[in-house]
Each structure stands twice: as C-alpha cells, then as structure tokens.
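Visitor: Here it is: the structure, laid out below.
The values are calculated or read from the model by the stated rules, or taken from the named source; none is laboratory data. These numbers were taken from a predicted model, which means no experiment stands behind them. Virtual Cβ from ideal backbone geometry, glycine too; neighbours counted across all protein chains shown. Note: areas computed on protein heavy atoms with side chains; ligands, DNA, RNA excluded. Shrake-Rupley method; radii C 1.70, N 1.55, O 1.52, S 1.80 Å.
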Amino acid sequence: MLHRRSISTLIALAMFVTLFAGCAAKTTPTPTPSPSTGGNTITVTAAGMAFDTSAITVSAGAHVTITFINNDSGVPHNIAFYTSSSAATVIYKGARTTGVSTVTYTFDAPATPGTYFFRCDVHPSTMTGEFIVK
Ligand SMILES: [Cu+2]
C-alpha cells in the first residue's frame, strides 16, 4: 500500500516537473540582438548635431542597409565610411539629406575585418565614430 502510494506520488511529481519545465521553456524570453551591434540592418539617427551611436558594427562582406534619420530641421547630414580617420579612402559615402528626413543607404561592407571610420561630411570634426567590421 505504502509502496503503491509512493509510486503514484512519484508519477504526480514527474508530471508536475514536466509541466513546469514546459511552462518555463515557453516563458523564457528570446534575447533580441541590439540593432546597432552585429546586425547588417541598422538604424542611425542624427539629432542635436550628433549621431546616436559612436560605433556601427557589421559583418565582413555583408550587404548593409542603414536607415538614416536626420532629426535636425533644416540641417544637412550624411554618413560617410572611410578606411581611416584621415578620410582619404572612401568605403561608401551616403548622400546628404536635410532634416527632418529619412534616407536608406545600402552598400557592401569591407571583406576584411577591422576598425574603420565613419563621419558626417558636413560636420567632420564633431560627428564621427568607429565603423567596426567583424
Ligand atoms: Cu552632420
């Protein structure tokens, strides 16, 4: 009698654990990747004469799509990518857009991983950042 009861208790416990585990698995949140790190579809905003990010990260050789939002009314901005901060060699130069406006830039990332450079060509001393290719 006691033996039979402990078996049914075990079964009930096993069912409870299975049910609980199933529930826990369902409610575990899936981590969503940050749009500005790792993804090849990126949104960058310019506002108050500044970019909202100091680093844009993409995969080597990836087809990159950047949605560029210029929230500075009446002010032209762009994003231009160069091999270094000397801005001598262009990787991709996004068209200037006067705010408030949104443009989409598409280009292929360098095939060689490294830390490159981006800036706004209109404000090259203040609006700059690292273009990281992994
Ligand atoms: Cu600018």
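Visitor: Tell me, please, whether a residue that is farther than 20 Å from THR41 by Cβ and either more than 15 Å from the ligand (Cβ to nearest atom) or in contact with a Cys (Cβ under 6 Å, 6 or more places away or on another chain) (or both) can be found in segment 96-114.
Guide: yes
Visitor: Then there's this: If you go through segment 98-125, how many residues are in contact with a Lys or Arg (Cβ under 9 Å, 6 or more places away or on another chain) and open to solvent by 90 Å² or more (accessible area, probe 1.4 Å)?
Guide: 1
Visitor: Right, something else. For segment 49-87, how many residues are closer than 15 Å to THR128 by Cβ and of a type in the set (Gly, Ala, Ser)?
Guide: 8
Visitor: Within segment 12-32, can one find any residue that is at pLDDT 95 or above, open to solvent by 80 Å² or more (accessible area, probe 1.4 Å) and either out of contact with any Leu (no Cβ under 9 Å at 6 or more places or on another chain) or not aliphatic (A, V, I, L, M) (or both)? Explain how you work it out, then say what you get.
Guide: First pass over segment 12-32, keeping only residues at pLDDT 95 or above: none.
No: segment 12-32 contains no residue that is at pLDDT 95 or above, open to solvent by 80 Å² or more (accessible area, probe 1.4 Å) and either out of contact with any Leu (no Cβ under 9 Å at 6 or more places or on another chain) or not aliphatic (A, V, I, L, M) (or both).
Visitor: Does segment 62-70 contain any residue that is within 14 Å of MET127 (Cα to Cα) and part of a loop (DSSP other than H, G, I, E, B)?
Guide: The answer is no; no qualifying residue exists.
Visitor: Just one of ILE132, ILE56, ILE42 is of a type in the set (A, V, I, L, M, F, W, C) and within 16 Å of the ligand (Cβ to nearest atom); which is it?
Guide: Unique residue meeting the criteria: ILE56.
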